[in-house]
Structure formats: structure tokens, C-alpha cells
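For reference, the structure is listed below as C-alpha cells.
The values are calculated or read from the model by the stated rules, or taken from the named source; none is laboratory data. As the structure is a prediction and not an experimental result, all values here were calculated from the model. Positions of Cβ are backbone-derived with ideal geometry, glycine not excepted, and every protein chain shown enters the neighbour counts.
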Amino acid sequence: MPDSAPNAELLRSLGRLVRGLSILFWGLPVALVVCILTAMMGMLRPFNILPPLATTAWLVIGLWHLGHFQKQERIWILALERAKMLAVVNAGLSPFLFWWNQRPSEQWFLVMVAVMAVTGLLFMMSLNLVLYRLTAMLPDEALREETRQFTALNRLLLLGILLLGIVLLVLMHHPIALMTPFDFLMTLASGGLWIWLLVFLFLLPLAMTMALLWKIKEVILDSVFGAGR
């Protein structure tokens, strides 16, 4: 009996861990699509602020499920709390996507959307760190090494997207004469194509993050629960 209680508790925490990973796997692409549709196309206008708010809050729920695993590991919990904080900020800022779509000339709404874009990239960086810390506690050495490599690459890509976005945003509001190699950036900034460029670049780290989420979930299911999927 003394051994069965800890084992039961571990299985419950692993179950919530798998559930959280699944929520994040499906929630990330859905949140991205819904936020873009709300801000750029207005296709979800009849639902007001509900779609972006619900999908970003769904990510918070996924991280909350992860928090039931290995609560005593300080480094893991610290990384998870940072990701939670950024996810909550994104959920709080998500209504501005709808309001900016309704009143695009309102500068305050534009500033809040830009802040959300930055915190969204920071959230993805934090989530990759969370996955790295998670695999450090799992017994699969190959998974740990693969996660370490891909999360490091993802964070570099996300940092590059963030810096490129800042440059394009500055060029859009403060156009200056640049050398020929930078003419393309000026065209993007002045034509409004820079948002779609950043979204396109974001798809690569998003896809790799989703692949890691799925693989970690499957490793846990196969090794612990014997799901054999």
C-alpha cells in the first residue's frame, strides 16, 4: 500500500502531462489561425472577442496541466511559470486583435497588437525551453538530445523573426534611404507585406515545436502507459 499511492499519484500527473501536451499541440496552430483571421480578415467578426480569447486561454489551460508533473523540480517549474505568465499576457491582449480590426486607425490598438506579437514570440521561446526542461527529466536519452538541438534552433529562429519584425516596423513608420540590398525590406515595410512574411517565417518553428510536443507525448505513452501507438 505505501508504494501504490505514490505510483498512482505519478500516473495521474503523467496523465495530466500528456493531456497538456495534446492541448498545446492542437491549440498552437488553432490559436495562430484564429488570431490572424480575427486581426487581418475579420472573418470571425460576429463572435466579437470570443475566438481569440478562447484559443489563447486554451494554451494557458494546457500549461496548467503540465504544472502537475514534478512539482518539486524548481528549474522545471520556473520555466513553466514563465511560459504561463506570457500565455496569460497573450490571452489578456487577444481582444485587441478584434478591436484593431474594427478600428485600424486607432494607434493604441495597433500598439497592443504589436505588443502581443512580441509576447507571442517570447511565449514560443519559453515553451521550447519548457520542452527542453521536461525531456531532461525523462529517461529517453535520444529524445533529450533531439529536443535540445531543435529547441535551441527554434529559439534562434524566433529571435531572428523578432528582430526582423522590429526592423520592418521601424522602416514602416520611419522610412529612410537605404542601400540596394535593403530595398526589398523597404518594399515589404511600405506595402504591408511584412506581417505575412513574419507569419510565414513563424511556421517553421511552430511546426518543429508541434513535432516535439507530439513526440514527447508519444514517448510518454509508449514507455509509461504501454500504449504502443
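Is the stretch 56-70 home to any residue that is assigned to a helix (DSSP H, G or I) and more than 23 Å from Ile220 (Cβ to Cβ)? Checked against the condition, which is being assigned to a helix (DSSP H, G or I) and more than 23 Å from Ile220 (Cβ to Cβ), the stretch 56-70 yields at least one hit. From the residues in the stretch 105-115 that are without any contact (Cβ under 8 Å) to a residue 40 or more places away in the chain and surrounded by 13 or more Cβ atoms within 10 Å (Cβ to Cβ), which one is farthest from the chain's Cα centre (by Cα)? Across the stretch 105-115, the extreme among qualifying residues is Glu106. Residues satisfying the criterion are absent from the stretch 116-125 (criterion: surrounded by 21 or more Cβ atoms within 10 Å (Cβ to Cβ), of a type in the set (Phe, Trp, Tyr), in contact (Cβ under 8 Å) with a residue 24 or more places away in the chain and assigned to a loop (DSSP other than H, G, I, E, B)). When the stretch 54-71 is limited to residues that are under 13 Å from the mean Cα position of the chain (by Cα) and of a type in the set (Gly, Ala, Ser), the one that is farthest from Gln102 (Cα to Cα) turns out to be Gly62. You will find that of Leu185, Leu158, the residue that is modelled with pLDDT of 60 or more and surrounded by 16 or more Cβ atoms within 10 Å (Cβ to Cβ) is Leu158 and no other.
Among the aromatic types (Phe, Trp, Tyr), over 30 Å from Leu11 (Cβ atoms) and at pLDDT below 90: is that true of Phe109 in this structure? Let's see the steps before the verdict.
Working: among the aromatic types (Phe, Trp, Tyr): yes; over 30 Å from Leu11 (Cβ atoms): yes; at pLDDT below 90: yes.
Considered against the rule, which asks whether it is among the aromatic types (Phe, Trp, Tyr), over 30 Å from Leu11 (Cβ atoms) and at pLDDT below 90, Phe109 comes out as yes.
Of all residues in the stretch 4-53, which are aliphatic (A, V, I, L, M), part of a helix (DSSP H, G or I) and over 15 Å from the mean Cα position of the chain (by Cα)?
Initial filter on the stretch 4-53 (aliphatic (A, V, I, L, M)): 5, 8, 10-11, 14, 17-18, 21, 23-24, 28, 30-34, 36-37, 39-41, 43-44, 49-50, 53.
Retained after the next criterion (residues that are part of a helix (DSSP H, G or I)): 5, 8, 10-11, 14, 17-18, 21, 23-24, 28, 30-34, 36-37, 39-41, 50, 53.
Once the filter is applied, which keeps residues that are aliphatic (A, V, I, L, M), part of a helix (DSSP H, G or I) and over 15 Å from the mean Cα position of the chain (by Cα), the stretch 4-53 yields Ala5, Ala8, Leu10, Leu11, Leu14, Leu17, Val18, Leu37, Ala39, Met40, Met41, Leu50.
Given the condition acidic (Asp, Glu) and within 15 Å of Ala39 (Cβ to Cβ), answer yes or no: does some residue in the stretch 105-113 qualify? Within the stretch 105-113 (the criterion being acidic (Asp, Glu) and within 15 Å of Ala39 (Cβ to Cβ)), the answer is yes, since at least one residue qualifies.
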